[in-house]
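The values are calculated or read from the model by the stated rules, or taken from the named source; none is laboratory data. Quick caveat, the model's predicted, so the values are computed rather than measured. A quick note on method: Cβ atoms are made from the backbone with ideal geometry, for glycine too, and the neighbour counts reach across all protein chains shown.
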Amino acid sequence: MEDIKKSTQNDQVEFMELDLSSLRSIGDFATAFKAKNLPLHLLLNNAGVQGHLYALTEDGIEIHFGTNHIGHFFLTLLLIDTLVKSQPSRIVTVSSMAYDWAPQDGIPLDHLNDEAGYSPTRAYTQSKLANILFTRELAKRIGDQKVFANSLHPGVIKSEINRHVLSRTLALFRPLVKGFIGLMTSPENGALTQLYLSTSPDVEEKNIRGEYYVPVGKKGRLSPLGCNDEQAKKLWDFSVKFIKEKVPDFEVPEALRDRAA
């Protein structure tokens, strides 16, 4: 926070606690934010878990899927009314080109928590596919309101997201893995496509919504896996059902309910 204040010469920087792997934390955050009665013009969904060994969130769902998708899904729906009131506004969700390495028959929603045969790589790719499918379904439900939802692949970034991969790499191979990580894109360059979708006038002028972008600020081509609207609808219904089981008073906001595909 101090670095941001110093570099921007702006003291209006505030920290609010938020754990995207916890529905309780997400609910508390949304309540606290709404109590401030502030507008919200940008929601940048950028939580990331990669390469984690088998684990469940406190809500009992596989940790990659629970953090990277369910967390963003719940947060977005809790804040959508504020985003609609604040329009024009934007929802930018960080995915990955690794989405195309997910199972080609779609996300195995009924077997997400199976520990037998668990693969951290597959779990991550499934969550990144979920980011894209969620964004497409969200954009359809938003309709022609001036709330622009898009997803992106930021590049292969040298960041702390790689810590779980390093922790389970044999000591013999760690120098090689660290060398590969050293060749990755810097976080500063990795933020450029996110910034494009978050700030560029092109988004409103060209009515960019429900799209998938790649570095730097270019429209990407999705494989059939990322364009499967039937899978997107199933994912949406599964996510709502899961959250309602954990948070019984949760309801899909009116802004999205009436525009269901």
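Using the structure shown, decide if residue 144 is part of a loop (DSSP other than H, G, I, E, B), acidic (Asp, Glu) and farther than 23 Å from residue 59 by Cβ. It is true that residue 144 is part of a loop (DSSP other than H, G, I, E, B), acidic (Asp, Glu) and farther than 23 Å from residue 59 by Cβ. Among the residues of region 204-249, the one identified as free of Cβ contacts under 8 Å to residues at least 12 places away in the same chain, under 26 Å from residue 60 (Cα atoms) and not charged (D, E, K, R) is 248.
Is it the case that some residue within region 114-122 is among the aliphatic types (A, V, I, L, M) and either crowded, with 16+ Cβ neighbours inside 10 Å or not in a loop (DSSP other than H, G, I, E, B) (or both)? No: zero hits.
Have a look at 173, 238, 250 and point out the one that is at pLDDT 95 or above and farther than 20 Å from residue 106 by Cβ. Even if it seems obvious, please write down each step before you answer.
Working: 173 fails: at pLDDT 95 or above; 238 fails: farther than 20 Å from residue 106 by Cβ.
None of the other options fit; the residue is 250.
Here residue 82 meets each of (1) in contact (Cβ under 8 Å) with a residue 40 or more places away in the chain; (2) among the polar types (S, T, N, Q); (3) closer than 23 Å to residue 221 by Cβ with one exception, condition (3). Would you check if residue 155 is part of a loop (DSSP other than H, G, I, E, B), touching a Ser or Thr at 6+ places or on another chain (Cβ under 6 Å) and at pLDDT below 95? The answer is yes for residue 155. With respect to residue 136, is the statement that it is charged (D, E, K, R), buried (at least 24 other Cβ atoms within 10 Å of the Cβ) and either on the phi < 0 side of the Ramachandran plot or not in a helix (DSSP H, G or I) (or both) true? In short, yes.
Checking the structure you have, find out if any residue of region 188-206 is surrounded by fewer than 14 Cβ atoms within 10 Å (Cβ to Cβ), modelled with pLDDT under 95 and not β-branched (Val, Ile, Thr). Within region 188-206 (the criterion being surrounded by fewer than 14 Cβ atoms within 10 Å (Cβ to Cβ), modelled with pLDDT under 95 and not β-branched (Val, Ile, Thr)), the answer is yes, since at least one residue qualifies. Among residues of region 9-45 being surrounded by fewer than 14 Cβ atoms within 10 Å (Cβ to Cβ), of a type in the set (S, T, N, Q) and modelled with pLDDT of 95 or more, the one that is farthest from the chain's Cα centre (by Cα) is 9.
Considering region 235-255, and only residues there that are surrounded by 15 or more Cβ atoms within 10 Å (Cβ to Cβ) and either among the acidic types (Asp, Glu) or in contact with a Leu (Cβ under 7 Å, 6 or more places away or on another chain) (or both), the residue that is farthest from residue 113 (Cα to Cα) turns out to be 253. Checking the structure you have, find out if any residue of region 36-59 is acidic (Asp, Glu) and in a loop (DSSP other than H, G, I, E, B). There is at least one residue in region 36-59 that is acidic (Asp, Glu) and in a loop (DSSP other than H, G, I, E, B).
A Cβ distance below 7 Å, combined with a sequence gap of six or more or placement on separate chains, defines the contacts here; from region 101-112, residues that are farther than 15 Å from residue 132 by Cβ and in a loop (DSSP other than H, G, I, E, B) reach residues that are at pLDDT 95 or above and not charged (D, E, K, R) in the pairs 112/61; 112/65. Cβ-Cβ distances below 9 Å connect the following pairs, each with a first residue in region 41-61 that is free of Cβ contacts under 8 Å to residues at least 24 places away in the same chain, a second residue that is in a strand (DSSP E or B), and a separation of six or more residues or different chains: 55/62. For region 93-146, a residue qualifies if it is out of contact with any helix residue (DSSP H, G or I) (no Cβ under 7 Å at 6 or more places or on another chain) and among the hydroxyl-bearing types (Ser, Thr, Tyr), and the qualifying residues are 118, 119, 121, 135.
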